[in-house]
Amino acid sequence: MLHKIRTSELELGMFVHSMDASWLENPFWRPRFVLRETEQIERLVSNGITWVTIDDTKGKSPQKPLEQEAASVKATEPERSQKPATVSKRSAGTALRSYVPPTEEQRFTRLSPRERAAEVRKASGAIKRSRTAVMNLFEDARLGNAVKSKKLAPLVEQISNSVSVDPTIILNIARLKTKDEYTYLHSVAVSALMINLARKMRLPEAQIKDIGMAGMLHDVGKMAIPDNILSKPGKLDDNEWETVRNHPQRGHEILSASEGVCDIALEVCLRHHEKMDGTGYPGKLPADDLSIITRMSSICDVYDAITSQRPYNTPLSASQALAKMQSWSGHFDQLILRDFADSLGVVPIGTLVRLSHDELAIVIGESPSNYAAPVVRTFQALDKDHAITPQDIDTGSKNTRKILAIEEPEDWGFTDWPVFSAELLAAKVPD
Ligand SMILES: [Fe+2]
Ligand SMILES: [Fe+2]
């Protein structure tokens, strides 16, 4: 059972499930962990964290009075229905996450058309230079030479600057990859995605350059894979698959033998194919052994792969990709995946949202005019507390309902949201 308690009430032996804060300064801090030393508690307090959620099935239980307090907090929450057909109306102030639709205009308010054009030029230049630098570095690796990662540092900085001005510029350019340049541009894209996610998660700015470098170098071991396997459109046989699965270790060997490669890049290179359920490679590591940076890297890596044109698949849109990644249970850290979706300003298909006209709706796609504005399907009027005839609304168009908040299905009584949402997505909607 989960209990929310004050950090001042923590005791050694308790299992910290989550905390009300951005991730702590150490990139190798585990998101969930058992408190084994008083220093850990002191660090939580000194980082300004006042509340944490502990899991008493994995560690020590809180004292009785705290349980009573938690129970009394629970008792003050509104009663919620368990049936999808009837939901309790909730005040807007209790929304899980408020949502401000990022219209194209809002996204670029800081940039005039001329400034934006200049930013696009700068970002294109940074990508071109990075692609060439990564290509040369990978070639060094292929020839068995040590790699000179220092040469990439100014390029990581340029990518980081572009991401801080407007992440959509560089990410949109890096999404367009030809078959031949995929590996190199993938490295640049993962670097930009990781920098953008790190900022969203409020990781210390001092770590951003190492995180960007980790994205650039994560697939350096792919140089050991023959081209005919790397770009094979059909299924790989067992031997070919084994060769592919070896690239994290190969890359780690190359980077370890090179000078000046940061610890974050070494870890991401070795661990970016590990999974939360312990079925990843090469280590089959359990979730507790996967650092925050590792979890971030596997999300950014897969997202770029499935939204890019590849020999063996057609690219998914941003919201399709995020919905798919949410559905792969056991693969990703779902909390970081949520931060990732937020960092892109994209709401995944299948997400429950509350609209301005007191209606619940499900996200069914992206607006043709603005990929960050979802098309939603209404299905429940909250004021009348009953189902309504579904209607599809493009929230990107003017003079229409707007999304007020992204909601947790359980909070509204939808206990089997995967099944119910699939029915909603398949529903026939009158024109
Ligand atoms: Fe990889
Ligand atoms: Fe990759």
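At-a-glance table
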item	result
Per residue accessible area of segment 107-343, 1.4 Å probe, in Å²	44 Å²
Neighbour cut-off at most 13 other Cβ (10 Å), DSSP loop, GluC sites (Glu not before Pro), segment 233-305	E259
Net length gained if the chain between S256 and N313 were fully extended (0.36 nm per residue, minus Cα distance)	17.2 nm
Segment 316-385, accessible surface, carbon-and-sulfur percent (1.4 angstrom probe)	49 percent
Solvent-free Debye scattering, log10 I(q)/I(0), computed from the Cα coordinates of segment 321-431 at q = 0.12 Å⁻¹	-0.40
Global geometry of segment 107-343, whether rounded, prolate or oblate, following the gyration tensor of its Cα atoms and the 1.5 cut on a/c	rounded
Whole-percent carbon and sulfur share, accessible surface of segment 179-273, 1.4 Å	45 percent
For segment 347-424, accessible area per residue (1.4 Å probe, heavy atoms of protein chains only), Å²	40 Å²
Of the trypsin sites (Lys or Arg not before Pro) in segment 167-216, those whose Cβ has at most 15 other Cβ within 10 Å and which sit in DSSP loop	K179, R202
Gap separating the Cα centres of segment 199-246 and segment 352-431, nearest whole Å	37 Å
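The values are calculated or read from the model by the stated rules, or taken from the named source; none is laboratory data. All values derive from a computational prediction rather than experimental measurement. Please note: Cβ atoms are built from the backbone with ideal geometry, for glycine as well, and neighbour counts cover all protein chains shown. The protein model used for the area step is the full one, side chains on, heavy atoms only, and it has no ligands, DNA or RNA in it. Shrake-Rupley method; radii C 1.70, N 1.55, O 1.52, S 1.80 Å.
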